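This report concerns only the one structure given below.
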Number of protein chains: 2
Amino acid sequence: MKAKLISIGDEILIGQIINTNAAFIGERFYSAGIPVLKNTVIGDEENILMEELSDSEMNYDVTIITGGLGPTHDDITKPVLVKYFNDKLISDTKVLEHVRNIFLSRNINMPLVNEAQALIPSNSKVIWNSNGTAPGILIVKDKKVFVALPGVPYEMKPMIDEQVIPFLIKFFDLNNKLIHRQKTLLTTGMGESSLNELLGNISELIGESKLAFLPSSSGVRLRINVTEENESEAEDKLFLIENKIRDKIGEFIFGEGEIDLENVIGQILKERNLKLALAESCTGGRISSRIVSVPGSSEYYLGGVCTYSNEMKISILGVNEDTLNKFGAVSKETATELAECVRKITDADYAISTTGIAGPTGGTEEKPVGLVWIGFADRKSSYAQKFLFGNNREINIQRSSQRALDILRRELLGIKTEY
Amino acid sequence: MKAKLISIGDEILIGQIINTNAAFIGERFYSAGIPVLKNTVIGDEENILMEELSDSEMNYDVTIITGGLGPTHDDITKPVLVKYFNDKLISDTKVLEHVRNIFLSRNINMPLVNEAQALIPSNSKVIWNSNGTAPGILIVKDKKVFVALPGVPYEMKPMIDEQVIPFLIKFFDLNNKLIHRQKTLLTTGMGESSLNELLGNISELIGESKLAFLPSSSGVRLRINVTEENESEAEDKLFLIENKIRDKIGEFIFGEGEIDLENVIGQILKERNLKLALAESCTGGRISSRIVSVPGSSEYYLGGVCTYSNEMKISILGVNEDTLNKFGAVSKETATELAECVRKITDADYAISTTGIAGPTGGTEEKPVGLVWIGFADRKSSYAQKFLFGNNREINIQRSSQRALDILRRELLGIKTEY
């Protein structure tokens, strides 16, 4: 079972848009047992898409096309599909009604151009788009499946999960094939090569399976891939490898799959009915924003203060002016006080704080760009840890927020190791 | 002049990593006059990479390979390059010293595996990696250029800008060819099809040039592409088209190129020496985080309060308890007071606030998920605007933060239109 993904759009090749769709589709198709073996990104050019469709029909079981279904003049997918399959466009009544209703519900008059959204090839099946106006299109020819979907991620994603994958599993009877399973262990606080060293001999650890190291500024993800004859063998192998890895580097693993550190922390705080508050300086709301991205975070997150100016540190949080004068805003003492103050004001169980020099300018010899203090306070104690990151503002903010959340995770789990 | 990009990594196909590198490289190569006409994403498989290299050598002038240069067992790029070009690996002294220094500066013992980072094909040129341990590799064969770069974005990007592009411009003498120019106008506050309608007849507007509509949750980007015989004709054409577009939808255009709304606002606040403060509820620090992402934002951003709980709205900001009781946290009155209170406390010139129901749960018939009030206050006046977004928490937070910043932009520029 082989899939190919054709991502359409000059905007992707030219770099105006990042191809997040490919990642999503790749993951879903891999899990369904139809791995995407090739993803070709091409421009809005009729001839090239015709060639790609012909390559797809010859070499792949399933072809997914994303993009180019919009209502404007630069959208070529439907005309090319009609040409390639020697078909014609017809208007779908239900889709037209759906498009009209979307505009109606937003109190906007429907621009005329949107009527074309309801046109689909006569020999195709509509893939319903609940979140937008452009329907998806499914065409089957000689046991080969072609699916065209809109490029807007939040429209395309549910269409894949709720309609395309279930169709393919049924159509190709995928429940009786070789089983691929993957699991990703998420680590933070330790670099790729150090993890590699801690893990020792990789082939002893994983045998015929695969282990990939996927570094990013928030940590290294370890992806285990196994392929076995059946479900239970695959699950057993995955379990065995995971346990071996956890034995060696367990304390750095904060979660599995696609979860973020803020979700892990949120779950613990919620279960234990604990409250969190934040005082952010150099991260400027990044940690708060991550905490709040989790649905239901209002149950454990009281709020945060982003005290960018010294005046606000004093007036809103009550940080001691002497501390700021004597040690400076970027110091162990200020970081500790920020956490203590915001915890007291809000009566939270836990507080974390950040203060540092995010860059690219503003550093001194004594306090260089990349220097960050992260403060922690609970009802009994408080402290601050020092970190030295790099010169890139965005990465410094990312790393600081990740380390701050990891300090909280370690406190919540009783892992006291300094790193 | 044609370029092809080969992105290597199972992690991309399987969807564990988003291919942001492709967007960056696509943009840079397009501007340099070597457009990427195809981007193929393939797995960590020797045979497939060998085939891709052969296709590249036949059909493209330049091939960029990203990924697979790391120190771990799953990195295949160097072994395959050596095999394809019938070469051997040698250790580069300078690179080895650089790798050692990186570990030294972080006070970490260098894991042995990192010595392999200094190995490069004997017939290649090193592309220096200032931000990491894996060097880039440049190989020239019969006027075809092959470049292998690490997959870590902040390592790869400066290598492209400072070394690869300058090399290619010189090598291919690119200053005497057909001129491609593009410009992107960034809009917010109006949907794709409504903009399309406001713009009227597109081919009258742009002639032989191209105009792409690139929608996202923060707005629609309009990309103009022109191709002309020389620099000045290209610039003139671009200028003409841009002015026609601005005539029709100017008030929705907040910037050009890759700039974000927070940068545009930051520049205005800085120039006029004005100060900003924030009171965020439903956006939970997202606006603050965006403001702070701009280097130098401490000059105009005093700070923000993320009052997630009602208690914090009262205790820290001094919002009237009666307002909360009578109208609720998500109301015109509370939004207005949040902005007024944070402005007064910080003595800022401008304040914006958000309060809403981000979802996915927590809505009522009267106040459904997606309802957001955005408050504004300056030294003379205050008000709040109501928005009704959708059911997706992340998108509601994104849209709220974008609309809040746009309200501020319109106030700063004196554009009073409600939208």
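Listed by first and then second residue, the pairs linking a residue in the stretch A:95-107 that is surrounded by 17 or more Cβ atoms within 10 Å (Cβ to Cβ) to a residue that is assigned to a loop (DSSP other than H, G, I, E, B), with Cβ atoms under 6 Å apart and 6 or more places separating them unless they lie on different chains, are A:V95/A:P135; A:V99/A:T133; A:I102/A:T133; A:F103/A:M110.
Scanning the stretch B:311-334 for residues that are facing chain A (nearest Cβ under 10 Å) and assigned to a helix (DSSP H, G or I) gives B:E311, B:M312, B:K313, B:S315.
Here the stretch B:29-59 is the region considered, the condition is being small (G, A, S) and modelled with pLDDT of 90 or more, and the residue that is surrounded by the most Cβ atoms within 10 Å (Cβ to Cβ) is B:S56.
Restricting attention to the stretch A:174-205, the residues that are in contact (Cβ under 8 Å) with a residue 24 or more places away in the chain, assigned to a helix (DSSP H, G or I) and surrounded by fewer than 16 Cβ atoms within 10 Å (Cβ to Cβ) add up to 2. For the stretch A:287-301, give me the residue count where each residue is crowded, with 24+ Cβ neighbours inside 10 Å and over 21 Å from A:F387 (Cα atoms). Number of matching residues: 5. In a residue-by-residue description of the stretch B:115-138, the property of being among the hydroxyl-bearing types (S, T, Y), within 14 Å of another protein chain (Cβ to nearest Cβ), buried (at least 17 other Cβ atoms within 10 Å of the Cβ) and within 21 Å of the chain's Cα centre (by Cα) applies to no position. Is one or more of the residues making up the stretch A:206-219 outside any strand (DSSP E or B), away from chain B (no Cβ under 12 Å) and at positive phi? So far as the stretch A:206-219 goes, yes, one or more of its residues are outside any strand (DSSP E or B), away from chain B (no Cβ under 12 Å) and at positive phi.
I'm trying to understand the selection: among the residues of the stretch A:29-50, which are in a helix (DSSP H, G or I) and within 7 Å of chain B (Cβ to nearest Cβ)? Within the stretch A:29-50, A:Y30 is the sole residue that qualifies. Scanning the stretch B:221-262 for residues that are more than 26 Å from B:I291 (Cβ to Cβ) and either assigned by TED's automatic domain parsing to the domain that holds B:P35 or assigned to a loop (DSSP other than H, G, I, E, B) (or both) yields B:E229, B:N230. Could you check the stretch B:221-265 and list, in sequence order, the residues that are touching a residue at least 24 places away in the same chain (Cβ under 8 Å), more than 21 Å from B:S194 (Cβ to Cβ) and of a type in the set (A, V, I, L, M)? Within the stretch B:221-265, B:V226, B:A234, B:L238, B:I259, B:V264, B:I265 meet the criteria. I'm checking my understanding of the structure. Among residues of the stretch A:7-28 that are aliphatic (A, V, I, L, M) and assigned to a helix (DSSP H, G or I), which one is surrounded by the fewest Cβ atoms within 10 Å (Cβ to Cβ)? It comes out as A:A23. With the structure loaded, tell me whether B:L269 is of a type outside the set (S, T, N, Q), surrounded by 16 or more Cβ atoms within 10 Å (Cβ to Cβ), assigned to a helix (DSSP H, G or I) and within 14 Å of chain A (Cβ to nearest Cβ) or whether it fails that test. Against the criterion (of a type outside the set (S, T, N, Q), surrounded by 16 or more Cβ atoms within 10 Å (Cβ to Cβ), assigned to a helix (DSSP H, G or I) and within 14 Å of chain A (Cβ to nearest Cβ)), B:L269 qualifies. Counting only residues that are touching a Gly at 6+ places or on another chain (Cβ under 6 Å) and either in contact (Cβ under 8 Å) with a residue 60 or more places away in the chain or not polar (S, T, N, Q) (or both), the stretch B:335-372 holds 10 of them.
When the stretch B:60-94 is filtered for residues that are more than 31 Å from the chain's Cα centre (by Cα) and surrounded by 13 or more Cβ atoms within 10 Å (Cβ to Cβ), the ones remaining, listed by number, are B:H73, B:P79, B:V80, B:L81, B:V82, B:K83, B:Y84, B:F85, B:D87, B:L89, B:I90, B:D92. Looking at the stretch B:230-244, can you tell me whether even one residue there is modelled with pLDDT under 95, within 14 Å of chain A (Cβ to nearest Cβ) and either surrounded by 14 or more Cβ atoms within 10 Å (Cβ to Cβ) or over 23 Å from the mean Cα position of the chain (by Cα) (or both)? There is no residue in the stretch B:230-244 that is modelled with pLDDT under 95, within 14 Å of chain A (Cβ to nearest Cβ) and either surrounded by 14 or more Cβ atoms within 10 Å (Cβ to Cβ) or over 23 Å from the mean Cα position of the chain (by Cα) (or both). Of the set (1) in a loop (DSSP other than H, G, I, E, B); (2) without any contact (Cβ under 8 Å) to a residue 40 or more places away in the chain; (3) among the small types (G, A, S); (4) farther than 19 Å from A:E197 by Cβ, all apply to B:S54 but (1).
Specify the residue that is farthest from the other protein chains (Cβ to nearest Cβ); the eligible residues are those in the stretch A:273-305 that are in a loop (DSSP other than H, G, I, E, B), over 21 Å from B:L302 (Cβ atoms) and free of Cβ contacts under 8 Å to residues at least 60 places away in the same chain. Restricting to residues being in a loop (DSSP other than H, G, I, E, B), over 21 Å from B:L302 (Cβ atoms) and free of Cβ contacts under 8 Å to residues at least 60 places away in the same chain, the top hit is A:N273.
If the condition is being touching a residue at least 24 places away in the same chain (Cβ under 8 Å) and more than 16 Å from A:D378 (Cβ to Cβ), then the stretch A:391-405 contributes A:N391, A:N392, A:R393, A:I395, A:N396, A:I397, A:Q398, A:R399, A:S400, A:S401, A:Q402, A:R403.
The values are calculated or read from the model by the stated rules, or taken from the named source; none is laboratory data. These numbers were taken from a predicted model, which means no experiment stands behind them. Cβ: placed from backbone, ideal geometry, glycine included. Neighbour counts: every protein chain shown.
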